[in-house]
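Peer 1: Structure in structure tokens, see below.
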Amino acid sequence: MVDQPFFSVILPAFNRERTIAKAIDSLLEQSFENWELLIVDDASTDQMERVIAPYLKDQRIRYLKNETNQERCHSRNRGILESKGQYICFLDSDDYHLPFHLEVLFKVIQEKNQPKGFFFTNAFNETENGDRSERFCPPYTPNDPYTYFLRYTVNPQRWCVHRDVMRDHLFDPEVIICEDMDTSMRIVAAGAPVIQVDQRTTVYVAASDSFTHGDPKKWEKELFYLKRIFAKPVFKQLLPGKEKRRLLSMCYFHLAEKAHVERTQKAAFREALKSITLFPRGYNKQTFKPLFVILIYNLPIIGRIFQQANRLWKRMGKI
């Protein structure tokens, strides 16, 4: 067992027998070796524990298993509280770190005289087929940190946070979606220094069964938890209204789009109206036109005329 590792890497996992080996291997391949890995199994029902078992021969790796499924925030918190490292890092079970991830972080931390701060690196995106591309990671704006964390997703696997800071600002178990946004902004609100490392050191894999890419209720859930985050007293008068409206407008747009496809006219009109009211130009440059079309097409009475005209046009095209 590593007595005093410099880094503790927390890996929460649930039913990831197919991908977790690659994540663990990416730690074993690190050029910087003074680390411990805490795998927190969130009551998996597949063969993941069997996949993990051979890795436990390495004394730097510890395996913890929750008795019941409690979501990743609880699992990360358990790992944080049982960790021994000076700095806490994270890794998701379907992603992986590049071999120099910890070494790069160690060098920057030393250059900064080991502050009690929040570091984050840049990253790559990768498809399940292995096609890699650069993730959009613009320079951090310390004069406007809340806009930055509201606008750009900084996943926990990019983080490296001093142990004391992380333990003072654990993940909120009541915020299981957008938890990275919530936790990072609470750390900023507490005054911890934030340092971006301008190197791509980790790879985010777009797994088809992940929340981001595979949950049919993604936008309903994201809307619910964004509202919960925005209502927190700690963020009162801190979060820019424009960015909050943009994010809510984004959720309503996708809900309108979904309702339009499902031909639930009232819901499509209602969600489109909410989206355009919150952000009249559309939450990004590409969405204004489709949003306007959804709104008009699903207008009561007028919308029916458009629908009937569209059906007639299609029938005529087949003649």
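The values are calculated or read from the model by the stated rules, or taken from the named source; none is laboratory data. None of the values given here were measured: they were computed from a predicted structure. Counting neighbours? That spans all protein chains shown, and the Cβs are built from the backbone with ideal geometry, glycine included.
Peer 1: Could you go through the stretch 217-226 and let me know if any residue there is aliphatic (A, V, I, L, M), over 22 Å from F136 (Cβ atoms) and not assigned by TED's automatic domain parsing to the domain that holds P142.
Peer 2: Yes - at least one qualifying residue is present in the stretch 217-226.
Peer 1: Can you spot a residue in the stretch 38-57 that is touching a residue at least 60 places away in the same chain (Cβ under 8 Å) and crowded, with 23+ Cβ neighbours inside 10 Å?
Peer 2: no
Peer 1: Can you confirm whether R158 is surrounded by 20 or more Cβ atoms within 10 Å (Cβ to Cβ), in contact with a Phe, Trp or Tyr (Cβ under 6 Å, 6 or more places away or on another chain) and modelled with pLDDT of 95 or more?
Peer 2: Here the answer is yes, as R158 does meet what is asked.
Peer 1: Search the stretch 244-256 for residues being within 18 Å of A267 (Cβ to Cβ) and under 17 Å from the mean Cα position of the chain (by Cα), and hand back the single one that is surrounded by the most Cβ atoms within 10 Å (Cβ to Cβ).
Peer 2: C251
Peer 1: Is there a residue in the stretch 221-243 that is within 22 Å of A23 (Cα to Cα) and either in contact (Cβ under 8 Å) with a residue 12 or more places away in the chain or touching a Gly at 6+ places or on another chain (Cβ under 7 Å) (or both)? Walk me through it before giving the result.
Peer 2: Step one: filter the stretch 221-243 for residues within 22 Å of A23 (Cα to Cα), giving none.
Within the stretch 221-243 (the criterion being within 22 Å of A23 (Cα to Cα) and either in contact (Cβ under 8 Å) with a residue 12 or more places away in the chain or touching a Gly at 6+ places or on another chain (Cβ under 7 Å) (or both)), the answer is no, since none of the residues qualifies.
Peer 1: Taking the options E243, E179, name whichever one is farther than 21 Å from R72 by Cβ and of a type in the set (D, E).
Peer 2: Only one candidate qualifies: E243.
Peer 1: Which helices (runs of 4 or more DSSP H) does the stretch 168-243 wholly contain that include 1 or more residues that are under 13 Å from the mean Cα position of the chain (by Cα) and among the aliphatic types (A, V, I, L, M)?
Peer 2: 179-189, 218-230
Peer 1: A further question on this structure: Criterion first (aliphatic (A, V, I, L, M) and either surrounded by fewer than 19 Cβ atoms within 10 Å (Cβ to Cβ) or in contact with a Gly (Cβ under 7 Å, 6 or more places away or on another chain) (or both)) does I177 satisfy it?
Peer 2: no
Peer 1: Considering the stretch 244-299 alone, what residues qualify as being of a type in the set (V, I, T) and not in a helix (DSSP H, G or I)?
Peer 2: T264, T287
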